[in-house]
1. Condition check: assigned to a loop (DSSP other than H, G, I, E, B), within 16 Å of the ligand (Cβ to nearest atom), at pLDDT 95 or above and β-branched (Val, Ile, Thr). Does ILE37 satisfy that?
2. Being surrounded by fewer than 18 Cβ atoms within 10 Å (Cβ to Cβ) and not in a loop (DSSP other than H, G, I, E, B): is that true of VAL25 here?
Amino acid sequence: MKFFIDTANLDQIKEAQELGVLDGVTTNPSLMAKEGITGRNNILKHYVDICNIVEGDVSAEVIATEFKEMVKEGEELAELHEQIVVKVPMIKDGVKALKYFSDNGIRTNCTLVFSVGQALLAAKAGATYVSPFIGRLDDISTDGLNLIAEIRHIYDNYAFETQILAASVRHTMHVIDCAKIGADVMTGPLSSIEGLLRHPLTDSGLEKFLADYKKGN
Ligand code: E4P
């Protein structure tokens, strides 16, 4: 399973990259705003800065909601850097744009996916990644992980190449459960990745090993 970090914070992206397990980055307009990145030129520059830190795919989201504008914006984003993946919302014009980008060699991430029907459409339109938002489904008492399992089942039935990018991951158990189900990618905060590290028996075991070493040296 690929690990993406879901942030526009350069320090956190660097930290995850230095850990050596990072495969890419996802951003969205809210995450950019959270870092105070505003204005078209600053936003475009920030995407390039992110690409220069990581080796993998970097999702950059279009703001347009009309087909022609989406295409124009997506092409501009894709030209920024070879690592850019154009993030397109799951709306009618978005599906048309996914198909256009797919036919024209531009990689895409279909975002704001909350149902298997939407995921099926995204795959049919040739999306590179589909992003079901599991945390936001959990927030409204709907099983987000079940959606990942249903999409996995349907994509495997037809050998769709679209990769399932489990998004809106909130914690470490989401990461583990997504891995069990067979999501191709997960994107979450740095804490969801670092949480995989921790176990009290590791800490107490290391403490004892180091104490015993000191006794003999
Ligand atoms: C995915 O690409 C989205 O940016 C993200 O995962 C949304 O997460 P949230 O529901 O925690 O805002």
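The values are calculated or read from the model by the stated rules, or taken from the named source; none is laboratory data. Note that the coordinates shown come from a computational prediction; the quantities given were computed from them, not determined experimentally. As a convention, Cβ positions derive from the backbone with ideal geometry for all residues, glycine included, and neighbour counts pool all protein chains shown.
1. So ILE37 passes the test.
2. Here the answer is no, as VAL25 does not meet what is asked.
Matching residues to (1) within 16 Å of the ligand (Cβ to nearest atom); (2) at pLDDT below 95; (3) more than 30 Å from GLY94 (Cβ to Cβ):
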| site | (1), (2), (3) |
| --- | --- |
| THR162 | yes, no, no |
| ALA166 | yes, no, no |
| VAL169 | yes, no, no |
| ASP203 | no, no, yes |
| ASN217 | no, yes, yes |
